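The values are calculated or read from the model by the stated rules, or taken from the named source; none is laboratory data. Owing to the predicted nature of the structure, the values given are computational and were not obtained by experimental measurement. Here the Cβ positions follow ideal geometry from the backbone for every residue, glycine too, while neighbour counts run over all protein chains shown. The protein model used for the area step is the full one, side chains on, heavy atoms only, and it has no ligands, DNA or RNA in it. Shrake-Rupley method; radii C 1.70, N 1.55, O 1.52, S 1.80 Å.
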Amino acid sequence: MKHPRKIIIDTDPGQDDAVAILLALASPDEIEVLALTAVAGNVPLPLTQRNARTIVELSGRDVPVFAGCDAPLKRKLVTAEHVHGKTGLDGIPLPDPVLALQDTHAVDFLIESLRHNAPGSVTLCPLGPLTNIATAFDRAPDIIPRVAEIVLMGGAYFEVGNITPAAEFNIYVDPEAAEIVFKSGVPLVVMPLDVTHKALTSRAWVEEMRGLGTPVGRAVASWTDFFERFDTAKYGSEGAPLHDPCVIAYLIEPGLFSGRHVNVEIETVSDLTLGMTVADWWRVTKRAPNALFIGSVDRDGFYRLLSERLARL
Ligand code: BDR
Ligand code: CA
């Protein structure tokens, strides 16, 4: 029997982070979630760590939650309440979490966990700004070769930007952290806006979630309804992109996705294009590939997987 893959989800929930976390917790045959590590991003850290605990409780599973960095490495935090609401998880009201926050800082947990698990056995799944991961790599470079893979949501090439004309939110918030991660040498799989903008919800799917009649189904439908207002107004599309669940769906069913092994560099200097992911999609340089940069998804297969898994919770 194949063992489930051990992962740590580094996250700034966020409704789409929440769906990603639920998808992982609903898939124990493929995925063992060692922990959630919260980072500042969509909303400040006190809210992201709280939301992470709320989501774990909603799932009915038991996973430790650690709080990490409350600000980017070198910049002031930029947040996205305009997308995710004041709490970061606006939608139906959920009970205050009882699950206690772990005492250890998320960065210390990341370091300890990578040192104690066998080399190459832990995959990192960042769904927010890369501050926690970069801080851990900076403080304990010995852990870098022990990481199996990093599968992350961030960046864009063809879709360019969503928080500025040139940059995607997760990378823009902490470009210096992103640069450390993209230069780390760890095998990277990147889910940019190019693919997540193809993973649009449909009315029928949202109603299917509501129709599950479970707390998880009701929450997922209400979250999707909440951020759909913003996305449909912005993009003029019918549904909203479920960005972060692409990371977890890739771990479960990589065949749903396709992309190219290319070089990706992060812009950290220019004010105009700060946080841009300069992907050598057309291979016009000799820079060595450092990432599998995903470009497309089997949308129906992706939503079939989400429906099947979320119905288990
Ligand atoms: C990313 O930014 C956040 O708003 C979402 O949770 C996702 O991780 C999309 O740009
Ligand atoms: Ca996120």
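Taking the conditions (1) in a helix (DSSP H, G or I); (2) more than 23 Å from Glu179 (Cβ to Cβ); (3) within 16 Å of ligand 2 (Cβ to nearest atom); (4) not charged (D, E, K, R) in turn, Leu58 satisfies each one other than (3). Looking only at the stretch 150-165, which residues are more than 18 Å from Thr268 (Cα to Cα) and surrounded by 18 or more Cβ atoms within 10 Å (Cβ to Cβ)? The answer is Ile150, Val151, Leu152, Met153. Considering (1) closer than 16 Å to Lys198 by Cβ; (2) of a type outside the set (S, T, N, Q); (3) without any contact (Cβ under 8 Å) to a residue 40 or more places away in the chain; (4) surrounded by fewer than 20 Cβ atoms within 10 Å (Cβ to Cβ), the lone condition that Gly239 does not fulfil carries the number (4). In the set Glu159, Glu176, which member is under 25 Å from Leu256 (Cα atoms), of a type outside the set (Ser, Thr, Tyr) and touching a Pro at 6+ places or on another chain (Cβ under 9 Å)? It is Glu159. If you check Glu81, Glu168, Glu176 for being within 16 Å of ligand 1 (Cβ to nearest atom), open to solvent by less than 40 Å² (accessible area, probe 1.4 Å) and acidic (Asp, Glu), only one passes: Glu168. I need the full set of residues from the stretch 160-200 which are closer than 20 Å to Leu77 by Cα, within 13 Å of ligand 2 (Cβ to nearest atom) and in a helix (DSSP H, G or I), in order please. Selection gives Phe169, Asn170, Ile171, Tyr172, Val173. Applying the condition of being open to solvent by 10 Å² or more (accessible area, probe 1.4 Å) and in a loop (DSSP other than H, G, I, E, B) to the stretch 1-41 and asking which residue is farthest from ligand 2 (Cβ to nearest atom) yields Met1. Every test in (1) open to solvent by 10 Å² or more (accessible area, probe 1.4 Å); (2) in a strand (DSSP E or B) is passed by Ala71 save one, and that test is (2). Look at Thr131 and say whether it is within 13 Å of ligand 1 (Cβ to nearest atom), touching a Cys at 6+ places or on another chain (Cβ under 6 Å) and not aromatic (Phe, Trp, Tyr). So Thr131 fails the test. Among residues of the stretch 92-124 being crowded, with 18+ Cβ neighbours inside 10 Å and in contact with an Asp or Glu (Cβ under 7 Å, 6 or more places away or on another chain), the one that is farthest from Thr268 (Cα to Cα) is Pro97.
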